[in-house]
1. Taking Rh as the Kirkwood radius computed over C-alpha pairs, what is the Stokes-Einstein D of region 1-57 at 4 °C in a medium of viscosity 1.567 mPa s, expressed in µm² per second?
2. Amide H to amide H under 5 Å from Val192: which residues, 5+ apart in sequence or cross-chain, H placed 1.01 Å off N in plane?
3. Can you work out the FRET efficiency for the pair Asp33 and Ala197, with r the C-beta to C-beta distance and R0 = 22 Å, to the nearest 0.05?
4. Considering only Cα-Cα distances, which of the following residue pairs are longer than 19 Å: Lys61/Lys204; Lys127/Lys204; Lys19/Lys59; Lys59/Lys115; Lys61/Lys127; Lys19/Lys61?
5. Using DSSP to define loop residues, name the GluC sites (Glu not before Pro) in region 82-190 whose beta-carbon has at most 16 other beta-carbon atoms within 10 Å.
6. Report the paramagnetic label zone for Thr85: residues of region 133-161 whose backbone N is under 14 Å from a point 7 Å from Cα along the Cα-to-Cβ axis.
7. Restrict the search to region 22-114; then list the trypsin sites (Lys or Arg not before Pro) that DSSP places in a loop and that have at most 12 other Cβ atoms within 10 Å of their Cβ.
8. For the chain, what does the helix formula give at 222 nm: sum of -39500 (n - 2.57) over DSSP H segments with n ≥ 4, over the residue count, nearest 500 deg cm²/dmol?
Amino acid sequence: MDQFERAGYGQRDIGFGAKPALLMVDFQLGFTDGVSPIGRSGHIQSAVDNTRTLLLACKAKQIPVASCRVSWGGPDEMTHWKIETLFDGSFYHGHRCTELDPRIADSDYVFEFIKTAPSIFYETPLKPWLVTHGIDTTIVTGCTTSGCVRASVVDSFSAGYRTIVPADCCGDQDAEAHASNLRDVGRRYADVVDLQAVLDHIQKS
């Protein structure tokens, strides 16, 4: 038992509510196809493949799914990012790096939109969509775990949603950043589980 456990962190499970939705954060080619230096993580590749399995299971059960990608019109639209790669033009509207990875792209079923900040919630159409569908639980997947996924988890929690994070459906530049951030949000804001646990719940619903 570590100091967090002794202080009472992570002692409650949140669990699924009555109406979940799958959220896919930034599974776009800039992070997944290796053309950009920011997209050469094998850890993220595995997360995309696992999330495709989850997406198909959600479709089979008619569970709502939303997906975002990050893109800007140019540097004037960007805030003070410290990631140099974002300023080379590859994350500007129309560049191939801003296209969703074909493994999880499904515009006929998935609610797809662009965001400009880390969180999938921040100044996007996500919240009205969640309300319209009567959602009480978000299943957060995507990349990167320590950046946009974490920001999305915190905003999901702050908006009052039960928040579930399948760890093997999220990816980062390295496994340490992934693990440490999931450990931290799991102490505070979300149930961190694995893909199979989510699939088992979906199949029973």
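No lab work stands behind these numbers, since they all come straight from the coordinates. Not measured: the values here are computed from a predicted model. Counting neighbours? That spans all protein chains shown, and the Cβs are built from the backbone with ideal geometry, glycine included.
1. Working: Rh = 14.5 Å.
This corresponds to a translational diffusion coefficient of 89 µm²/s.
2. Val165
3. Calculated transfer efficiency: 0.15.
4. Details: Lys61/Lys204 10 Å; Lys127/Lys204 26 Å; Lys19/Lys59 14 Å; Lys59/Lys115 23 Å; Lys61/Lys127 22 Å; Lys19/Lys61 12 Å.
Too far apart for the 19 Å limit: Lys127/Lys204; Lys59/Lys115; Lys61/Lys127.
5. Numbers: sites: Glu84, Glu99, Glu112, Glu123, Glu176; in loops: Glu99, Glu123.
Qualifying residues, ordered by number: Glu99, Glu123.
6. Within reach of a label on Thr85, which here means backbone N under 14 Å from a point 7 Å along Cα→Cβ, region 133-161 contributes 143-148.
7. Details: sites: Arg40, Arg52, Lys59, Lys61, Arg69, Lys82, Arg96, Arg103; in loops: Arg40, Lys61, Lys82, Arg103.
Taking region 22-114 and a limit of 12 other Cβ atoms within 10 Å, the loop trypsin sites (Lys or Arg not before Pro) found are Lys61, Lys82.
8. When only DSSP H runs of four or more count, the value is -9500 deg cm²/dmol.
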